[in-house]
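Since every read-out is calculated from the coordinates, none of them should be taken as a lab result. This is a predicted model, so every value here is computed, not measured. Positions of Cβ are generated from backbone atoms using ideal geometry, with glycine treated the same way; all protein chains shown enter the neighbour counts.
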Amino acid sequence: MGQNARLLQSSPALKEKIGVGAVLTPVRDLEDGFSAFLLSPPSPVRLFHIRTAKHAAVYANGRAVATYHPGKGVEDLLGDNMRSLFLSLFPDIARFEDFGALAYPRMSKDTLESLTRN
């Protein structure tokens with residue numbers, strides 16, 4: 001997975017505390033050097049994003065992974081030229097709002113752990 005991939009994490013404690021049962025956590029936050037670690041391939045690797053009509057989680061190698069969504073506010077981080085170039089990658093998207101809503105909230109591993117601790 002690419003370092004910007006997000007994994008679906010679920011917990012009953014989340015439902016109690018924030019009203020949703022699952023959130024998306026960046027895979028890079030899970031790097032611990034033992035069960036999850038960073039790789040630097042010796043040559044370029046082709047990476048694909050999957051974008052669905054509605055943002056969702058799909059299973060890849062037994063793990064629920066988010067489909068592509070640029071996220072809220074990303075258009076504010078891009079200049080006019082980059083905004084146009086980015087949107088040109090998606091022929092069926094005319095504006096950032098066309099990506100629709102995120103299927104699950106996003107949060108860091110640290111925030112997730114603080115919410116699910118007893």
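Things worth noting here:
- Close pairs (8 angstrom Cβ cut-off, 6 or more residues apart or separate chains): surrounded by 10 or more Cβ atoms within 10 Å (Cβ to Cβ) in region 36-51, among the β-branched types (Val, Ile, Thr) and part of a loop (DSSP other than H, G, I, E, B) anywhere: HIS49/THR67; ILE50/THR67; ARG51/THR67
- A residue that is touching a residue at least 60 places away in the same chain (Cβ under 8 Å) and of a type outside the set (Val, Ile, Thr) cannot be found anywhere in region 73-83.
- Test: VAL45 is aliphatic (A, V, I, L, M), farther than 15 Å from MET107 by Cβ and over 19 Å from the mean Cα position of the chain (by Cα): yes
- Odd one out for ALA66 among (1) under 17 Å from LEU8 (Cβ atoms); (2) of a type in the set (A, V, I, L, M, F, W, C); (3) out of contact with any strand residue (DSSP E or B) (no Cβ under 6 Å at 6 or more places or on another chain); (4) surrounded by 12 or more Cβ atoms within 10 Å (Cβ to Cβ): (3)
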